[in-house]
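The values are calculated or read from the model by the stated rules, or taken from the named source; none is laboratory data. Being a predicted model, the structure only gives us computed values, none of them experimental. Please note: Cβ atoms are built from the backbone with ideal geometry, for glycine as well, and neighbour counts cover all protein chains shown. For the accessible areas, the whole protein counts, side chains as well, though only heavy atoms, and no ligand, DNA or RNA atoms are used. Shrake-Rupley method; radii C 1.70, N 1.55, O 1.52, S 1.80 Å.
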Amino acid sequence: MKFFLDTANLDELQAGAAMGIVDGVTTNPSLVAKEGKDFKTLVGQICEIIPGPVSAEVVSTDCEGMVKEARELVKIADNIIIKLPTIPEGVKALKICVEEGMKVNCTLIFQPLQALIVAKAGATYCSPFLGRLDDIGHDGMGLIEEIRLIYDNYGFKTEILAASLRHPLHVVQAAKAGADIGTMPFKVFGQMLNHPLTDIGLERFLADFKKLQS
Ligand code: E4P
């Protein structure tokens, strides 16, 4: 499973990069707005810190506007992935972007047919939002399982990018359900290695070894 960071914060991205296990980045208009910086400059800086795929989202809601934005965004760096909303205009834009050689991440996916459609239209990634489904009492993880089954049935190469992950258990469950990628906030990324028994065990090992020295 690949790990992406779901953040536009440069400090978090630098800290994540230092761990050596960050494969890519997802951003969205809300995450970018939190940083209060020029969008394209910020995305360019992110692409330098993390050499893997970096999703940058359009804010137009019509096909023409989305494609126009996408053509500008891909100029920022070679590792830019265009993020399009999974709405009818977004699917039209997806076809055009794919024909022009862009890689596209289709976002805001909440049901399996949206995932099937974007795979048929050539998306590189599909992003089901697990946490937001869980928030309204639906089965976010069940959606990943359904998409995995459908993609495997037809041999689609579109990668399942499990998004809106809220805690480490989401990452475990998404990995078990066959998601290709998990994108997570920096907080969750930091929690993934934690276990109190690891800390207690290490403390004991060091204390015992210290006795040997004295
Ligand atoms: C993914 O591409 C999205 O940016 C993200 O995972 C949304 O997460 P949220 O539901 O916690 O805002």
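Quick grid of which residues meet (1) open to solvent by less than 20 Å² (accessible area, probe 1.4 Å); (2) closer than 23 Å to F186 by Cβ; (3) of a type outside the set (S, T, N, Q):
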| residue | (1), (2), (3) |
| --- | --- |
| P29 | no, yes, yes |
| K68 | no, no, yes |
| A119 | yes, no, yes |
| G122 | no, no, yes |
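Only one entry of V118, V74 meets the criterion of being under 19 Å from the mean Cα position of the chain (by Cα) and under 23 Å from N153 (Cα atoms), and that entry is V118.
R166 falls short on exactly one of the conditions (1) more than 12 Å from the chain's Cα centre (by Cα); (2) more than 19 Å from S30 (Cβ to Cβ); (3) within 11 Å of the ligand (Cβ to nearest atom), and that condition is (2). There is no residue in the stretch 77-94 that is closer than 25 Å to A17 by Cβ, open to solvent by less than 70 Å² (accessible area, probe 1.4 Å) and hydroxyl-bearing (S, T, Y).
Would you confirm whether or not the stretch 183-202 contains a residue that is within 13 Å of the ligand (Cβ to nearest atom) and more than 25 Å from D11 (Cα to Cα)? No; the residues of the stretch 183-202 include none that is within 13 Å of the ligand (Cβ to nearest atom) and more than 25 Å from D11 (Cα to Cα).
With respect to the conditions (1) open to solvent by less than 70 Å² (accessible area, probe 1.4 Å); (2) over 14 Å from the mean Cα position of the chain (by Cα); (3) closer than 20 Å to G101 by Cα, F39 lacks only one, and its number is (3).
Does the stretch 133-140 contain at least one residue that is surrounded by 18 or more Cβ atoms within 10 Å (Cβ to Cβ) and within 13 Å of the ligand (Cβ to nearest atom)?
Among the residues of the stretch 133-140, at least one is surrounded by 18 or more Cβ atoms within 10 Å (Cβ to Cβ) and within 13 Å of the ligand (Cβ to nearest atom), which makes the answer yes.
Listed by first and then second residue, the pairs with beta-carbon distance under 9 Å, at least 6 apart or on different chains, first residue in the stretch 75-98 and within 21 Å of V43 (Cβ to Cβ) and in contact (Cβ under 8 Å) with a residue 12 or more places away in the chain, second among the aromatic types (F, W, Y) and in a helix (DSSP H, G or I), form an empty list.
If the condition is being over 27 Å from V54 (Cβ atoms) and either crowded, with 17+ Cβ neighbours inside 10 Å or within 13 Å of the ligand (Cβ to nearest atom) (or both), then the stretch 146-162 contributes only E146. Looking across the stretch 11-27, the residues that are open to solvent by 30 Å² or more (accessible area, probe 1.4 Å) and aliphatic (A, V, I, L, M) come down to A15, A17, A18, M19, I21.
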